[in-house]
Structure formats: C-alpha cells, structure tokens
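The values are calculated or read from the model by the stated rules, or taken from the named source; none is laboratory data. Every value quoted in this text rests on a predicted model; they were computed, and no experiment measured them. Note that each Cβ is placed from the backbone with ideal geometry, even for glycine, and that neighbours are counted across all protein chains shown. Side chains included, ligands, DNA and RNA excluded: accessible areas come from the protein's heavy atoms. Shrake-Rupley method; radii C 1.70, N 1.55, O 1.52, S 1.80 Å.
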Amino acid sequence: MNCFMLIMEQITDAVVAAYILNATLIVPNLDQKSYWKDASDFGDIFDVDWFMSFLSNDVKILKQLPMVGGKVLTPVRTRVPRKSSPKYYLNRILPLLKKKHAVQLTKFDYRLSNVLETDLQKLRCRVNYHALKFTDPIVEMGRKLVERMRMRSEHFIALHLRFEPDMLAFSGCDYGGGEKERAELGAIRKRWKTLHKSNPDKQRRQGKCPLTPEEVGLMLRALGYNSDVHIYVASGEVYGGEDTLAPLRALFPIFHSKDTLASQEELAPFAPYSARMAALDFIVSDESDVFVTNNNGNMARILAGRRRYYGHKPTIRPNAKKISRLFLNMNNMTWEGFAMGIRTYQVGFMGEPNEVKPGKGEFHENPSSCICKSSLPNIPVYDLQDNPATLYQKGEEYSTGGFDAAEINDYQNIEDEQELADQEDLENKNNLPERTASRH
C-alpha cells in the first residue's frame, strides 16, 4: 500500500527539478506495470487542474508534450544518480535537454538531494502540502472513514502495519513460517535481481526486519496504551491473513480498517486500485491522534512531515535495532523489565516536537525549512511565501515531459538503464531526481 507514497515524493522532486532546469513539466505518467499492477494515473489520484493552477507561479505545467513540426516530441530517456545535486542537473541534464529538446528522466525515486537551498525546500513544501490534493471521490470517502472513527472514539491510533508479502520478501527476514514461508517469500524476492542472499538473523539484529503485528502490539502496550484504545490499521494484504493479525487483535480488540468502517459497495470504486486504497489510509492516518509506523518507508516519512507541518501530531517509529533484542530475549524477562526496556529504547522515536533537529533527517520527514517557531513554544507558524519562485530563469524555455514513476514502492529500484555519472558530481553534497523534458 506504500505504492502511491513514492509517487508523492517523486512528483514533489520532479517539480523542483523542473524549476532548477527552467523547464516545463508534463503531468506525470505513473507506472502501471510494477509489482502493484495498478492502472491508476495521476488524475485518478490527484486533482490535476488544482496541481497545475497552484504551481503556476513556480513551474509551467502541461498535460502532454507539445507538437513540434506537426509531431509530438519524443523524449530521449536517461537517468541520473540517486540524490543528485542541482549542479549535476545543470551541468549534465541541461545540455542534453538543449540538444534533444525533450528528456525523460526515468525511475525518478530519490533522485534529488535531501539538502537543498531554502527556496527549493519551500517549493517542495508547496508541492507536497498544497499542490498535491486528492480527487474529490478520494477526499469524500476518506472524510467518511475519519468521521466514522470519531463516532466510535474521540481519540484513536492509526497503525501503518506494513506487513505485506512484498515487504517481507524484500527484507530477507525470517518470520517463523518455516519452509512454506521461505518458498513463498523467496519467489517474490526474485523480482529484485541484484539482492544478495539474505541472512535473516543478521537482518533482525541490525533492525532491518519489520515488526510482526504481535510485536507492534506488545510495543504499544509497553508504551502504556491499554486494550480499550481504538486502533485503525492501515494496510494492504497482510501476509498470513487473519492468523497473523490474531495476536494484535487479542492485545487491541477494538480494531478498525477500511473494510470494517465502510461497505463493499462504498469501497468498490477504490478496491481494484492499490494507490487509491492507500490514499484512503493516508487520510485516516493523517487525522489520527497518534500515527504508528512499522518501518521508516515513504508513507511514514511523508506523513510524519505532514503532521509536523500542519501542527504537530506525534508519529511513533519503532527503534527496531534496539527493541529487536528485547523481543529475542522476552521469554527470559519479566513484563515490567520488558516494558521498561521498550520505553527506554523508544526515547527519541516517539515523535516529540523537537525530536529531530532542524536540517537533520530526511526532508520529507522533517520539513524544517518550511516551519518557523513563534515566540510561543512548540507552536509552528508556516512561512511559504518568503523567496517566492519565479516562473522561469532568463534565457530559453524548456519543457519537462511526463516523468516515469517506475517501480512505485518502498524499495530501491533495480536499474537497467545507463546512468549519467562522474565522481566529481557524486561527491557533491546535493543531489537530484529523474525527469522528462523538452525544448520549445
């Protein structure tokens, strides 16, 4: 269900890349051939007209590549290194754009540096928190789910369980399912052709294994949440189904999801599309009093950043490397000792307002450049209009055609195209993402 979260990050950075290149962005085409097999396009998830209008003073955006000489421009495909700098784009991509008139930068995940100048970070925020607005059907259904949660309880926790088969297969971890589990997850794992043979014990010691639903429940009970707390579970297909969820239900029996809050008829327009279902979970999770994530993936980071930006609400992240030791030794500990260990190791991972210093951490998780503190403690004041972006640089105008959001999931993409790279650029602090562009 994290498929569309990477879409949000890619689109945000695509806009910034277009601004850096003084290019015209073409409304993105989303990958429909990935593991998720989701036929949704940009306009099925986000309000295209709002997106174009809101950013009109920053970047020119078109719905399709323009005609030149009676023909639609055909972009040349290339790829930039992960986390590339603005300098890289200007030195390597802009000359290609001038020569070829249209450039498609593929696999556009994590292609823009985390650290950018303040005006570019603020543009990221304008895109992420204002320009990307869900379509009316998604917003209306999301609001219904939130209202129904509030009817059941004034306060609730949203849990992003992230225990889908693909996530577990990628992790290379062992979840106690024996040979059947190894065969099933091993078959899925083969889609990432460059992954090394996994070492499950090492992965768990290093905190790289998602917690099981039972472990998440035990962590929350150790943190002081009682069995009468209402839990909304944001998740796609849980590996092992109801058998896997049973221990979590035993710990927190007041258990909600899209399927318990809405009828099949209400969810029918969204159910065939993982990205649209994920958008519903995103809305409910954003409105929760506490958001709990089971991994530090795209949804976790983007939601944590959004919850900071719009007035702080906590996001709890498991300190998996430390607490995994507690779960391994739990049978040799008292409950009191276990709970004390959890509370100790979770210091700094509980989503406190000043937990992450400004400028530290991943920007989508900690958009500090967009949040100013007033004289009152912990009351954020949002400042987006300083250093407003101009529409174009001086000089010729270029346009960025629809970028390819290939492999919209939580993992590093397997790259089969030649990358433009040199050591000087790779040593640069700032890096940038994938895009498509055309010259008029």
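Quick notes
- Measuring r between the beta carbons of Asp49 and Glu117 and using R0 = 30 Å, the FRET efficiency lands at 0.55.
- Placed amide H near Ala271: partners under 5 Å, 5+ positions off or other chain: none
- Interatomic Cα distance distribution for region 75-224, bins of 10 angstrom, percent: 8, 20, 23, 31, 15, 3, 0
- For the pair Val72 and Ala271, label points projected 7 Å from Cα toward Cβ lie 3.4 nm apart.
- Along its first, second and third principal axes, ordered by size, region 175-302 spans 41, 38, 29 Å in Cα coordinates.
- Measuring against 24 Å, Cα to Cα, the residue pairs Lys193/Lys322; Lys87/Lys122; Lys208/Lys360; Lys107/Lys202 contain Lys193/Lys322; Lys107/Lys202 as the ones spanning a longer distance.
- Amide hydrogen neighbours beyond the local backbone of Ile316, cut-off 5 Å, H modeled: Phe291, Val292, Thr293
- Carbon plus sulfur fraction of accessible area for region 4-133, probe 1.4 Å, in percent: 51
- Over region 165-232, the fraction of Cα-Cα pairs per 5 Å bin, rounded to whole percents and listed from the shortest bin up, is 3, 15, 22, 21, 13, 11, 9, 5, 1, 0.
- The fraction of Cα-Cα pairs per 5 angstrom bin, counted from 0 for region 4-133, comes to 2, 9, 20, 24, 22, 16, 6, 1, 0 percent, rounded to whole percents.
- Note on region 4-133: antiparallel DSSP beta bridges, both residues inside, total approximately 25 percent of the bridges counted.
- Full extension of the segment from Asp201 to Glu242, taken as 0.36 nm per residue of separation minus the current Cα-Cα distance, would add 12.2 nm.
- Accessible carbon and sulfur surface of region 215-356 relative to its total accessible area, %, 1.4 Å: 51
- Packing-based order for 184-191, 121-128, 62-69, using average beta carbon neighbours within 10 Å, highest first: 121-128, 184-191, 62-69
- Label-point gap, in nm, between Lys193 and Trp335 - each point 7 angstrom along Cα→Cβ: 5.2
- Length released on extending from Gln264 to Glu147, taking residue separation times 0.36 nm less the Cα-Cα span: 40.4 nm
- Listed peptides 157-163, 214-220 by packing density, highest first (mean Cβ within 10 Å): 157-163, 214-220
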